[in-house]
Amino acid sequence: MADALTLTATTPCYGLLPKTIGTCVLTETDLGALTSVAPYKQGAAGALKDAHGMDFPAPNRTTGKQGARAIWFGRDMALLAGPAPDAALAEHAALTDQTDAWACVTLSGDDAAAVLARLVPVDLSLAKFKRGHTARTQLGHLNASITRTGVDSFLILAFRSMAATLVHDLVTAMESLAARR
Amino acid sequence: MRLPCPICGDRDRREFYYQGAAVALSRPAPDADAAAWEDYVHLRENQPGDLDELWSHDAGCGAWLVVTRNTVTHAVSGAKLASEATR
Ligand SMILES: [Zn+2]
């Protein structure tokens, strides 16, 4: 029953995306629930495997698959993206709901890696940074999480408060690359 | 300039925050005498050459590192986790 007082949640990049520029498409991505998983001493890897069927990711790697991923997210930390965390995990790791804390976008297209090469101080070429590889690094001046999800697609997470800057930096790089084609 | 993070691999200098010489790793005991604390707080060798420094990989994994850097040539000869260096 909609009325003047009904509040509707908006996504971090609401009104900003999608954008198609040159060979690339930038879209907002709904990953589902986002939970940081910071293991205590032992047992977290087994609990994650039992509860969600995926290994605890090694540094710079992801496990799982689309819809239910574990993304390495820093020292002794993974981001569970997709399912709500199983209660059994809480025995073995500190769990923090970060669902509304991140702006999540996907950059795809032939020039996706070339666009990111303008912004990111890590070699994201396919030879070095394969599908399922991830990095905590910078995008422009933003701290970001970047994961290759396909031959020419990347999942990019930045702080929600920086969503407009994230989109602006990516769109500017997409435009300047397209202008030189 | 690249720093070899033991967790992330070689990374660009701009991902790191520089804290300075790694004196914090040799903090005196709480009951140490005044001379030991004066030495810790105020006195530095400041000799040119290899220096152990604290860097935070704050745009990467977040770990504090002890990086050995030559202050004359800027050559970086190694890095380890600060948590392991103190053990
Ligand atoms: Zn690191």
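The values are calculated or read from the model by the stated rules, or taken from the named source; none is laboratory data. Since this is a predicted model, take the numbers as computed values, not measurements. Neighbour counts are summed over all protein chains in view; Cβ atoms, including those assigned to glycine, are modelled from backbone coordinates with ideal geometry.
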Options A:Ala135, A:Ala101; residue that is more than 13 Å from chain B (Cβ to nearest Cβ) and modelled with pLDDT of 95 or more: A:Ala101
Criterion (within 16 Å of the ligand (Cβ to nearest atom) and not polar (S, T, N, Q)) met by exactly one of A:Val122, A:Val151, A:Val115: A:Val122
Looking at B:Ala82, is it in contact (Cβ under 8 Å) with a residue 60 or more places away in the chain, within 30 Å of A:Trp72 (Cβ to Cβ) and surrounded by 15 or more Cβ atoms within 10 Å (Cβ to Cβ)? yes
Only one residue in A:Ala164, A:Ala144, A:Ala90, A:Ala127 is without any contact (Cβ under 8 Å) to a residue 12 or more places away in the chain and more than 24 Å from A:Tyr40 (Cβ to Cβ), so which one is that? A:Ala127
Residues that are within 16 Å of the ligand (Cβ to nearest atom), within 14 Å of chain A (Cβ to nearest Cβ) and closer than 22 Å to A:Gln138 by Cα: does region B:41-54 have at least one? no
In region A:46-89, how many residues are acidic (Asp, Glu) and in contact with a His (Cβ under 8 Å, 6 or more places away or on another chain)? 1
Suppose we filter B:Ala75, B:Ala22 for residues that are more than 26 Å from A:Leu139 (Cα to Cα), more than 16 Å from the ligand (Cβ to nearest atom) and touching a residue at least 60 places away in the same chain (Cβ under 8 Å); which single one remains? B:Ala22
Could you please give the count of residues in region B:1-19 that are more than 14 Å from every other protein chain (Cβ to nearest Cβ) and free of Cβ contacts under 8 Å to residues at least 12 places away in the same chain? 0
A:Arg75 vs. criteria surrounded by fewer than 19 Cβ atoms within 10 Å (Cβ to Cβ), closer than 25 Å to B:Ala63 by Cβ and within 16 Å of the ligand (Cβ to nearest atom): no
Here's a check for you: in region B:55-85, which residue that is hydroxyl-bearing (Ser, Thr, Tyr), more than 14 Å from every other protein chain (Cβ to nearest Cβ) and part of a strand (DSSP E or B) is nearest to the chain's Cα centre (by Cα)? B:Thr68
Taking the conditions exactly as written (more than 25 Å from A:Ala9 (Cβ to Cβ), surrounded by fewer than 16 Cβ atoms within 10 Å (Cβ to Cβ) and either within 14 Å of chain B (Cβ to nearest Cβ) or more than 13 Å from the chain's Cα centre (by Cα) (or both)), does A:Ala127 satisfy them or not? yes
Test: B:Asp10 is surrounded by 12 or more Cβ atoms within 10 Å (Cβ to Cβ) and within 12 Å of the ligand (Cβ to nearest atom): yes
Picking from A:Arg180, A:Arg160, A:Arg148, A:Arg118, the residue that is more than 20 Å from B:Cys8 (Cβ to Cβ), basic (Lys, Arg) and either surrounded by 22 or more Cβ atoms within 10 Å (Cβ to Cβ) or touching a strand residue (DSSP E or B) at 6+ places or on another chain (Cβ under 9 Å) (or both) would be A:Arg160
Exactly one of (1) within 14 Å of another protein chain (Cβ to nearest Cβ); (2) under 18 Å from A:Cys104 (Cα atoms) is unmet by A:Ala68. Its number? (1)
Six or more apart or on different chains, Cβ under 6 Å: which pairs go from a residue in region A:37-54 that's farther than 11 Å from A:Ala94 by Cα to one that's aromatic (Phe, Trp, Tyr)? Could you list them? A:Ala45/A:Phe56; A:Leu48/A:Phe56
